[in-house]
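J.: My questions all concern the structure below.
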Amino acid sequence: MGRDRHRSAAAPAAAGLAAGAVTVGVGALLAAATGASSDPLVAVGAAFVDLTPPWLKDWAVATFGTADKAVLAAGQAVVLAALAALAGVLAHRRWSWGALLVVALGGLAGLAAMTRADAGLLAPLPAVAGAAAGLLVLRTLLRRLPPAAAEAAPADAAVADAPVAAAPSAPADPSRRGFLLAASLAAALGVVGLAVGRVAGAAGRGVQAVREGLRLPRPVRPAPAPPPDVQVAVAGVEPWVTPPATFYRIDTALVVPQVDPGTWRLRVHGLVEREVELTWDELLASDLVEAWVTLACVSNPVGGDLVGNQRWLGLPVREVLARARPTGEADMVLSRSVDGFTASTPLEALTDDRDALLAVGMDGAPLPPEHGFPVRLVVPGLYGYVSATKWVTELEVTRFDAAQAYWTRRGWSERGPVKTQSRIDVPRAGATVPAGDVLVAGTAWAQHRGVDRVQVRVDDGAWQDAELAGDGGVDTWRQWRWTWRVAPAGAHRLHVRAFDPQGPQTGAREGVVPDGATGYHQVEVTVA
Ligand SMILES: Nc1nc2c(c(=O)[nH]1)N[C@H]1C(S)=C(S)[C@@H](COP(=O)(O)O)O[C@H]1N2
Ligand SMILES: [Mo]
């Protein structure tokens with residue numbers, strides 16, 4: 001009996017999975033028209049991201065790094081599959097239970113879609129229509145199965161032996177084969193719908209094609225050529241210029257926002273004498289400048305790689321703000337992206353003489369979609385979460401005591417100046433190196449202050465000055481190398497520290513929350 005019961009749950013669970021696939025597929029297909037953020041999977045994932053407590057986000061980034069999105073998607077798939085199977089089993093026992101679960105899930109997804117920043121009137125439609133289609137498929141599939149009531153009844157021999165109860169386990173039974181065929185077909189259609197919907201959603205807006213056809217104007221002030229020795233000649237050190245393809249990506253967007261430059265606008269408002277609206281054409285017609293800026297994420301652990309250096313092209317933000325004329329009370333600019341992310345940047349950092357840019361170019365090309373196409377902010381000296389808003393559409397001039405940004409509401413500091421840090425790239429942690437002279441090398445950063453000096457220490461020995469590579473400017477990282485003369489055999493621990501004009505970085509170990517990690521990067525190596 002237990003075995004039969006087990007078997008009898010498999011078919012309804014499969015029906016639930018097939019109906020779930022249809023729900024997701026129909027949702028994604030409709031979302032190709034109503035916008036990616038109304039895709040039920042995307043909307044629920046995005047709402048989950050927004051509701052994630054800081055400790056969980058921190059743990060996820062620390063554990064999965066930039067694979068956090070893939071892990072979230074996989075987790076979502078597992079949870080959804082379990083719920084879909086449960087809905088199938090419940091509906092088989094009693095239709096109203098299963099239906100209620102489907103309606104509740106569809107409703108939740110619809111609500112999630114309505115709370116997205118760019119939600120239109122039709123935002124809940126994909127979730128609602130998807131759930132309706134799923135219910136229809138579930139009903140149709142379950143009709144092909146014998147009722148569960150027979151099994152749910154007391155285990156009296158007459159009922160258990162009734163032909164209707166035995167039917168599902170008889171492989172040759174045409175109704176069972178028909179059920180499997182119908183369920184597989186529904187599941188396959190759902191998966192195809194999901195794929196087609198996602199592809200059509202991205203292509204339908206034609207933003208990729210627009211981006212590829214773009215040519216950016218020349219800067220009125222090109223970035224200076226970095227000194228020839230900006231890169232140390234040690235294999236294994238991260239390149240001084242981070243290729244866009246490997247530049248770290250951190251954001252809350254589960255689907256890269258597709259923003260058409262033709263309809264893009266930047267609205268500057270709030271504590272200003274004059275509201276300003278800027279179009280893409282106006283932006284490109286302005287005097288654009290270029291600058292090397294090293295961007296860093298506040299979630300970067302000591303020794304981590306959520307940091308990269310690039311050549312950015314854009315309009316100094318101070319020029320946009322000058323057109324709007326902030327009033328005397330203003331001390332902060334809350335930048336907002338199409339997907340609702342916000343960052344709080346001190347007004348000062350956007351109006352002083354640093355290269356805070358409304359950037360349109362990276363590495364001589366339009367921004368890659370995942371790095372903020374068509375327009376993002378880049379502000380030297382500040383962590384990305386308080387400054388580097390991608391897909392930016394709004395600058396609200398305000399005050400720190402009047403508004404809070406996305407991560408500040410989730411427990412992170414309202415201000416995020418980059419902390420002076422250094423990293424050993426060579427040798428790698430855990431490496432075994434041959435005895436003799438050992439090359440130790442890496443990078444260090446103290447954006448907008450500059451790295452003055454780097455020192456290395458072996459075990460508990462004295463700090464030794466490393467040799468600095470060429471200086472690419474105070475807003476960029478700086479490479480260094482040090483030769484460990486006749487490294488003694490055995491296990492050793494290398495430490496590094498950088499100095500900015502205010503002195504050495506702190507060795508006190510702190511985690512990334514609330515305003516960035518501190519402590520010396522250390523690697524353990526074995527000298528053979
Ligand atoms: N719209 C949007 N912009 C954003 C974020 C985001 O979640 N959404 N994350 C910020 C954070 S935390 C960082 S570190 C930088 C990373 O920029 P990158 O992905 O181009 O490296 O983008 C910032 N800009
Ligand atoms: Mo970040």
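J.: Restricting to region 36-69, name every residue that is within 12 Å of the chain's Cα centre (by Cα) and modelled with pLDDT of 90 or more.
T.: G45, A46
J.: May I ask you to list the residues in region 479-501 that are without any contact (Cβ under 8 Å) to a residue 60 or more places away in the chain and either touching a Ser or Thr at 6+ places or on another chain (Cβ under 9 Å) or among the hydrophobic types (A, V, I, L, M, F, W, C) (or both)?
T.: Selection gives W482, W484, V486, A487, A489, G490, A491, H492.
J.: Test of understanding: among G303, G262, G270, G236, which residue is touching a His at 6+ places or on another chain (Cβ under 9 Å) and open to solvent by 20 Å² or more (accessible area, probe 1.4 Å)?
T.: So the residue among G303, G262, G270, G236 that is touching a His at 6+ places or on another chain (Cβ under 9 Å) and open to solvent by 20 Å² or more (accessible area, probe 1.4 Å) is G303.
J.: Filter region 108-139 for residues that are over 18 Å from A47 (Cβ atoms) and modelled with pLDDT under 95 and give the result.
T.: Across region 108-139, the qualifying residue is only L121.
J.: Sticking with this structure for a sec: (1) out of contact with any Lys or Arg (no Cβ under 7 Å at 6 or more places or on another chain); (2) more than 16 Å from ligand 2 (Cβ to nearest atom); (3) among the charged types (D, E, K, R): which one isn't true of R249, the others all being true?
T.: (2)
J.: Being more than 19 Å from W312 (Cα to Cα), out of contact with any helix residue (DSSP H, G or I) (no Cβ under 7 Å at 6 or more places or on another chain) and more than 16 Å from ligand 1 (Cβ to nearest atom) narrows it down to one residue among A195, A225, A253; which is it?
T.: None of the others qualify; the one that does is A195.
J.: Which of the residues spanning region 447-481 are basic (K, R) and surrounded by 24 or more Cβ atoms within 10 Å (Cβ to Cβ)?
T.: R478
J.: Now, a different point. Being touching a residue at least 60 places away in the same chain (Cβ under 8 Å), surrounded by 20 or more Cβ atoms within 10 Å (Cβ to Cβ) and touching a His at 6+ places or on another chain (Cβ under 6 Å) narrows it down to one residue among P380, P427; which is it?
T.: From the options P380, P427, the qualifying one is P380.
J.: Regarding V513, is this residue in contact with a strand residue (DSSP E or B) (Cβ under 8 Å, 6 or more places away or on another chain) and either buried (at least 18 other Cβ atoms within 10 Å of the Cβ) or more than 21 Å from Q231 (Cβ to Cβ) (or both)?
T.: The answer is no for V513.
Residues checked against (1) open to solvent by 10 Å² or more (accessible area, probe 1.4 Å); (2) away from ligand 2 (no atom under 16 Å from the Cβ):
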residue: P326; (1), (2): yes, yes
residue: L334; (1), (2): no, yes
residue: T342; (1), (2): no, no
residue: D355; (1), (2): yes, yes
residue: V360; (1), (2): no, yes
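J.: Then there is this: Determine which member of the set D331, D401, D355, D363 is closer than 22 Å to P226 by Cα and either out of contact with any helix residue (DSSP H, G or I) (no Cβ under 7 Å at 6 or more places or on another chain) or away from ligand 1 (no atom under 14 Å from the Cβ) (or both).
T.: D355
The values are calculated or read from the model by the stated rules, or taken from the named source; none is laboratory data. On a predicted model such as this, the values are computed, not experimentally measured, just so you know. Neighbour counts run over all protein chains shown; Cβ positions are idealised from the backbone, glycine included. Only protein heavy atoms, including side chains, enter the accessible area calculation; ligands, DNA and RNA are left aside. Shrake-Rupley method; radii C 1.70, N 1.55, O 1.52, S 1.80 Å.
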